[in-house]
Amino acid sequence: MLIVDSDDNMVALLTSICVGVDPRVRVHGFGFVQNALDHWEVHGADLILADVDLPDGSSLELIRRVRRSQSEVPVLMISRTADRESILKAARLGISGFVSKPFSVESLHQRLRSLLPQGQVGGSMNLNEHIAAAVSTMVQLPGAPNTAEIIELLQRGQDVSAAELVRSWRNEVSVTARLLAVAGSISFRRSGLPVTTLKDAILALGVPMALNHALALSLDICGQLAHPLLAEKAKGLLAQAVAVADGAYRLALKLGEPAVPCHTAGLLSRAGDLAALKLMQQYCDSGDKTLSAEEIDQALADWAQPLGNQIKVHWRLPLQLRELVGAVHFLPRETVNQSKVIMRAAGLYESGLIDSDDGKWLLRRLGLEGIG
């Protein structure tokens with residue numbers, strides 16, 4: 001799938017919406033007509049979303065090339081500035097529709113459902129093959145925010161502040177992960193500066209765009225886990241992540257360390273497990289399949305860590321934040337970074353192992369007798 005738009009924020013939002021409609025889709029975003037043409041010539045695409053006016057020309061040239069070689073590919077034009085003549089030219093080239101910016105995320109979500117290929121993919125794969133094939137795609141975590149609440153915030157418009165969103169989403173694992181991924185990727189390309197907290201991500205994107213990303217996430221038709229065992233497992237993992245985040249935050253405050261990055265790292269500490277559950281649900285949906293409790297546990301044991309490592313890199317999380325997340329699960333004894341020690345202690349506290357030899361050693365390192 002091709003997204004052609006010079007606005008990094010818009011490419012990221014459109015990607016979120018498309019992945020929410022079909023998590024199997026592979027999205028390639030470009031800001032220049034020539035780059036999109038080069039990609040099309042080699043790889044083609046099942047669907048194209050394109051702004052009309054781009055820095056090096058008009059995307060109408062891309063559509064002409066597509067129509068000469070493969071007339072069936074649906075093309076949706078999305079633009080703020082297109083004039084009547086450009087729209088008429090695009091219509092003569094057989095586009096599937098025109099969407100004016102700013103658009104309704106809900107409306108575009110529904111429109112894309114009719115355009116994206118709906119055939120089942122990978123029905124003959126076993127579970128491990130399915131997860132392995134999906135590792136390089138964008139995985140949105142289960143536990144989507146409430147759509148009605150997001151719409152209410154959108155309707156309030158300029159009355160909504162970044163501080164209010166931080167308070168509302170403080171313990172929302174899926175929203176935090178998605179906004180960090182989007183803002184981090186954009187910041188990496190523009191300035192190279194890291195984005196390590198939910199507040200940083202919202203400020204980088206702006207409140208309206210942050211709300212649109214949250215709405216796209218809430219509309220993810222595969223965001224909720226229909227398999228009862230997967231849903232129950234996700235509920236427990238989300239609770240664990242929030243508990244680690246809250247414990248790390250309290251510890252950091254007590255010890256005078258930066259508390260917000262520790263809270264963020266705690267929320268992301270089960271990202272690999274949650275991503276694995278999401279992929280297991282997709283596997284079940286791909287051919288009326290089911291999984292036993294033993295198969296779920298084995299897949300988590302096999303895939304949670306590699307998925308966690310992969311998506312932290314895919315989301316372009318700063319190295320400092322990645323290391324804090326990793327410290328929840330493992331910490332070499334020679335580590336001197338206080339924040340990493342805090343994360344490991346919070347992880348052991350949540351798992352009930354703070355009274356183990358490792359837990360007692362960590363608390364001595366922190367100058368504490370317990371957490372609270």
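A short reminder: the numbers here are calculations on the coordinates, not readings from a lab. In this text the structure is predicted, and so the values were computed from the model without any measurement. Note that each Cβ is placed from the backbone with ideal geometry, even for glycine, and that neighbours are counted across all protein chains shown.
Each of L165, T197, V175 was placed along the dipole of the stretch 147-217 (beta-carbon charges, centred on the mean Cα), and the one lying farthest toward the positive end is T197. The calculated FRET efficiency for the pair A301 and N126, based on their C-beta separation and a Förster distance of 22 Å, comes to about 0.85. Residue order for C262, C18, C284, fewest other beta carbons within 10 angstrom first, comes to C284, C18, C262. Its Kirkwood hydrodynamic radius, worked out from the mean inverse distance over all distinct Cα pairs, puts the stretch 63-118 at 12.2 Å.
Measure nothing but the geometry: give the 0 to 90° angle between the long axis through the Cα atoms of 60-69 and the longest principal axis through the Cα atoms of the chain, rounded to 10°. The angle comes out at about 80 degrees. Computed from the alpha carbon positions, the gyration tensor of the stretch 2-119 leads to an equivalent ellipsoid with semi-axes of 19, 16, 14 Å, biggest first. Computed from backbone phi with θ = phi - 60° and the Karplus coefficients 6.51, -1.76 and 1.60, the 3J(HN,Hα) list for the stretch 37-54 is 4, 4, 5, 4, 4, 8, 10, x, 5, 8, 7, 10, 10, 9, 6, 6, 9, 10 Hz; x is used for glycine and proline.
Axis of helix 271-285 versus longest Cα principal axis of the chain: the two differ by about 50°, to the nearest ten degrees.
Counted by Cβ distance under 9 Å from F30, the other residues give a net charge of -2, where Lys and Arg count +1 and Asp and Glu count -1. Its DSSP H runs of at least 4 residues, each contributing -39,500 (n - 2.57), put the calculated 222 nm mean residue ellipticity of the chain at -19000 deg cm²/dmol, to the nearest 500. Using the alpha-carbon centroid of each, what span in Å lies between the stretch 51-87 and the stretch 227-242? One Cα centre to the other: 44 Å.
Placing +1 on the Cβ of every Lys and Arg and -1 on the Cβ of every Asp and Glu, with nothing else charged, gives the stretch 147-217 a dipole about its Cα centre of roughly 280 debye.
For mean projected area of the Cα convex hull in nm², the value computed from the atomic coordinates appears in the list (1) 19.8; (2) 21.7; (3) 22.8 under label (1).
Rounded to the nearest 0.05, what FRET efficiency is calculated for D285 and L203 with R0 set to 51 Å and r the Cβ-Cβ distance? For D285 and L203, the calculated efficiency is 0.90.
The length gained by stretching the chain between S161 and E149 to full extension, at 0.36 nm per residue less their Cα-Cα distance, is 2.8 nm.
Once the chain from R64 to R80 is taken as fully extended at 0.36 nm per residue, the excess over their C-alpha distance is 3.7 nm. The angle separating the long axis of helix 207-218 from the principal Cα axis of greatest extent in the chain is about 90 degrees. For the stretch 342-356, 3J(HN,Hα) computed residue by residue from phi via the Karplus equation (6.51, -1.76, 1.60; θ = phi - 60°) reads 4, 5, 5, 5, 4, x, 5, 4, 5, 7, x, 10, 5, 8, 6 Hz, glycine and proline entered as x.
As a rough footprinting exposure proxy, the listed residues W40, W361 were ranked by other beta carbons within 10 Å of their own, and the order from fewest upward is W361, W40. Using Cβ point charges alone (K and R +1, D and E -1), the dipole size of the chain about the Cα centre works out to roughly 540 debye. Using a basic spin-label model with each label point 7 Å from the Cα along Cα→Cβ, how many nm lie between S6 and H314? A separation of 3.0 nm, rounded to one decimal place. Sites listed here are GluC sites (Glu not before Pro) in the stretch 307-372 whose DSSP assignment is loop and whose Cβ has at most 16 other Cβ atoms within 10 Å: E334, E369. Kirkwood radius, the stretch 256-372, all distinct C-alpha pairs, inverse of mean reciprocal distance: 15.6 Å.
Dipole orientation for the stretch 228-366: of the candidates Q305, L277, A231, Q305 has the Cα lying most toward the positive pole (charges on Cβ; Lys, Arg +1; Asp, Glu -1). Here the label points at R113 and F32, each 7 Å from Cα along the C-beta direction, are separated by 3.8 nm in the simple model.
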